[in-house]
1. Can you give me the number of residues within region 231-268 that are of a type outside the set (S, T, N, Q), touching a Leu at 6+ places or on another chain (Cβ under 6 Å) and closer than 21 Å to residue 538 by Cα?
2. Can you tell me which residue is nearest to the chain's Cα centre (by Cα) among those in region 119-135 that are outside any loop (DSSP other than H, G, I, E, B) and of a type in the set (Val, Ile, Thr)?
3. Going through region 279-294 one residue at a time, which ones are within 14 Å of ligand 1 (Cβ to nearest atom) and open to solvent by less than 60 Å² (accessible area, probe 1.4 Å)?
4. For residue 322, only one of the following conditions fails: (1) within 8 Å of ligand 1 (Cβ to nearest atom); (2) under 30 Å from residue 450 (Cα atoms); (3) exposed (fewer than 15 other Cβ atoms within 10 Å of the Cβ); (4) more than 18 Å from the chain's Cα centre (by Cα). What is its number?
5. Provide a single number: the residues in region 232-246 that are within 13 Å of ligand 1 (Cβ to nearest atom), of a type in the set (A, V, I, L, M) and open to solvent by less than 20 Å² (accessible area, probe 1.4 Å).
6. Restricting to region 41-79, what's the tally of residues that are assigned to a helix (DSSP H, G or I) and basic (Lys, Arg)?
7. Please count how many residues of region 207-231 are open to solvent by 20 Å² or more (accessible area, probe 1.4 Å) and within 24 Å of the chain's Cα centre (by Cα).
8. State the number of residues belonging to region 184-206 that are open to solvent by 10 Å² or more (accessible area, probe 1.4 Å) and either more than 21 Å from the chain's Cα centre (by Cα) or without any contact (Cβ under 8 Å) to a residue 12 or more places away in the chain (or both).
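The values are calculated or read from the model by the stated rules, or taken from the named source; none is laboratory data. For clarity, every value in this text was computed on a predicted model and none was experimentally measured. A quick note on method: Cβ atoms are made from the backbone with ideal geometry, for glycine too, and the neighbour counts reach across all protein chains shown. Only protein heavy atoms, including side chains, enter the accessible area calculation; ligands, DNA and RNA are left aside. Shrake-Rupley method; radii C 1.70, N 1.55, O 1.52, S 1.80 Å.
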Amino acid sequence: ALPSQSSSRAALPGLDAATLSSLKKLTQYYAVTAFIALMIGVLLGPLQALNYGGINVYDSPLLKVLIKSYYQGLTLHGVLNALVFTQFFISGWMLYLPVRDLNVRPNMRFAWFTYLMMTAGLLTAAVPLLTNDATVLYTFYPPLEGSPVFYIGAAVMVAASLLVAGQVVGLWLAWKRAHPGRVTPVVTYMSVATWLMWVVAALGLVVEVVVLLIPWSLGLTRGVDPLLARTLFWWTGHPIVYFWLLPAYISWYAFLPRQAGGRMASEGLTRLAFAMFLVFSVPVGLHHQYADPNVQNSWKLIHMFLTFLVAVPSLLTAFSAAASLEDAARAHGGRGLIGWVRCLPWGNASMTAQVLAMVSFIFGGAGGIVNASIAFSPVVHNTAWIPGHFHITVGTATTLTFMGVMFWLVPHLTGKRLASPRLALASVWWWFTGMMLFALGMHWQGLAGVPRRALVSASAQQGVYDAMHLGLPKAITAASGGVLFIAAILFYTVLWRTLLSRRMDDPERTPIPTSDAISPAGEVLADASPLVRRTEPLLALTFAALVLVILVYGPVIAPMLANYQFIPGQRLW
Ligand code: HAS
Ligand code: HEM
Ligand code: CU
C-alpha cells in the first residue's frame, strides 16, 4: 500500500493554472533563446567546413565586415553552439520536466530571475566576442587573454545555471519531505541526478574563472598558470559533455519509447545509468591533457581507466534504448532480427530525429573510446579527427535530439501546431546526412594529420595540405557544410513558422509523451528492488562523487599550486 497522502501533503502546493502557464512561457523563452544562439552559431559552421575543404572565404571583404578572422568566427561558433545553446535549452528543459513530473509549485519569480540572469550573462559575454576582444575560442586557454568582460559574462551564465540546479534540487527535497518512503519518479530522478552532477562538475570552472582568470584579466595579478587553468577547465570540460548528453538521454529513456509506440525497458536500469553518471562523470578530465607536461603518467592512466568506466552507463543506455525501440516495433508487427526497424514510425519527425541522433552516437561514442586510449591519443589529438568526434556527439546526438524534442515541445507549450511536419522530417534527415558526411571527412583528414583549429585553406599552408592527397575527404567535408546549411534552413523554417502561427489547440492536446516501463521501479521504497533502494539517495551519491574527484584531482593539482607559475597574458589576434 502507498503511504497515506494525508495532512502533511497540504504543505506542498501543487501546480495551479496560473503557475503552469507562467512556467510554460519561461520554458519557451529558454528554448527559443537557445535556438536563436544555435542559428547564429550554425551559420558560421559551413564556412569552417569550406576551410577544411580547402576553400578560404575569410579574405572576402564582405565577411570581414562581420568577423575579423577565422578565429573570431570559430570562437563565436564554439561558444554559441556548445555553451549557450546547450545551457539555455537544458536549463528550461530540466526545470520544466521535474516540476511537471512531481506536480509541485516552483517559485516563479526566482525561476524568471535565473533566466534573466543567464541572459544578462550571455549579452555581457557577447559584447567582447563581437568586438573581437575575446577571440580565445570556447576553451579560453590562458595565456590567451580576452577582455575581462567575457569572463565575467561567462561566470554569470554558469552561476545562473547553478541557481536552476539549486531550485530543482530544492523542489525535489521538498517533495521527498512531503512523501517519505516514496520512490522518486524516474524523470525527476534523471533530472536531479544530472543537476547534481553538474554542480560537482562546475566547481573546476568556477574556481578557474573567478579565482584565476577574472583577477588576471583585470590586471590584478601579474600572471596566470596555464597548466593549472587547463586542469581546472577540464575538471568541468569533460563532465560538461554529459551535461549536454544526459538531457537527451532523458528523452531517449522517458519519451522516445512512447513516441515510437512502446515502453521504457527498465526504470531500475535507467536509475543505475544516471547514478553512475553522477559518480563517474567528473574524475576523468586528464584524458584531454595526455599531451600536457608536468602531469604524472600514473594519474593520466587512472583517468583513462575511469573514462572507460564512465562509458558503461552509455552502453547500458544503448542496450536499453534498442530494447525499447524493438519493443515498440514488435508491438506494431515488426519481425526478424533487424527487420523490425522498418516498423518504427519513420513518418514522425520527432522520433526520427532522435533515432538518427542515436545512430550518430554509436560512431561518436566509439571515437570517444579511441580518443581516451593513451596509445591512440597521439594520433588523433589536436587533429581534425576531434571536431569529427564532437559533431556526432554534441553536434548530433545532443543537437538533433533537442531539435526533435522541439517538434513536440513547442506545440505542447504553446498550443500551436507543428508547421509542415514533412519539412520537419526532411530537415532531420538532411542534418543527419550532413553530420555523418562531415564526420567522415574530418575523421579521415585527422588520421592524415590535418590539424584542428587551423586556417588550413590559407594559401601559406595550402602546399603542405595538398601534398597529403586528401582530395576526397576535403570534398566530402566541403559538401557536408552545404548539406548542413540546407538542413538548418529547413529546420528553422519549420521552427519560426510554428512559433509565428496562431494558437490552434489546447496545449494539453500535445501532452508530454511519458512512457510506461516494462519493468517499473514501484512507488514504495520499502517494497522496491535493492537496485532502486540503493540508487535513491542522490545526495549521498553526490558526496561519493565529490570524494572521488578529490582523490583523483588532489594529487594532480597540489604540485601545480606548489609550483605556481605567473605567465603574462598574450593577445595573438
Ligand atoms: Fe568526447 C573530446 C572521449 C563522449 C564531446 N568530446 C571531446 C570534445 C568534445 C566532446 C566537444 O578521451 C572536444 C573538446 C575540445 O575542444 O578539445 N567522449 C569521450 C568518451 C566519450 C565521449 C570516452 N564527447 C562525448 C559526448 C560529447 C563529447 C557525449 C558531447 C555531447 N572526447 C573524449 C576524449 C576527448 C574528447 C578523450 C579528447 C580528445 C583530444 O585528444 O583532444 C564516451 O562518453 C562515449 C560513450 C558512448 C558510447 C556509445 C553508446 C551509444 C548509444 C546509442 C545507441 C544507439 C541505438 C540506436 C540503440 C559507448 C547510447 C538503435 C537504432 C536503431 C535504428 C534500432
Ligand atoms: C568546430 C563545422 C555545427 C560545435 C567546428 C569546425 C568545423 C565546424 C569545420 C572545426 C574548426 C576548426 O577546428 O578549425 C560545423 C558545421 C556545422 C556545425 C558545418 C553545421 C552547420 C555545430 C553544432 C555544434 C558545434 C551544432 C554544437 C552544438 C562546435 C565546437 C567547435 C566546432 C564546440 C570547436 C571550436 C573550437 O575548436 O574552438 N565546427 N559545425 N558545431 N563546432 Fe561546429
Ligand atoms: Cu572528455
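1. Let us first name the residues in region 231-268 that are of a type outside the set (S, T, N, Q), namely 232-235, 237-250, 252-258, 260-265, 267-268.
Cutting the leftovers down to touching a Leu at 6+ places or on another chain (Cβ under 6 Å) gives us 260, 268.
Next, from what is left, pick out any that are closer than 21 Å to residue 538 by Cα: 268.
Residues in region 231-268 being of a type outside the set (S, T, N, Q), touching a Leu at 6+ places or on another chain (Cβ under 6 Å) and closer than 21 Å to residue 538 by Cα: 1 in total.
2. The initial filter retains those residues of region 119-135 that are outside any loop (DSSP other than H, G, I, E, B), namely 119-130.
The next check asks that each one be of a type in the set (Val, Ile, Thr); those that pass are 119, 124, 127.
Numbers: 119: 18, 124: 22, 127: 24 Å.
Per the criteria, the residue is 119.
3. Within region 279-294, 280, 281, 282, 283, 284, 285, 286, 287, 288, 289, 290, 292 meet the criteria.
4. Only one criterion is unmet by residue 322, namely (2).
5. Going residue by residue through region 232-246, those that are within 13 Å of ligand 1 (Cβ to nearest atom) are 233-234, 236-246.
Still in the running and of a type in the set (A, V, I, L, M): 240-241, 245-246.
Adding the requirement that they be open to solvent by less than 20 Å² (accessible area, probe 1.4 Å) leaves 245-246.
The qualifying residues number 2.
6. Taking region 41-79 as the starting set, the residues that turn out to be assigned to a helix (DSSP H, G or I) are 41-51, 61-66, 70-79.
The next check asks that each one be basic (Lys, Arg); those that pass are 64.
Residues in region 41-79 being assigned to a helix (DSSP H, G or I) and basic (Lys, Arg): 1 in total.
7. Selection size over region 207-231: 3.
8. Looking only at that region, the number is 1.
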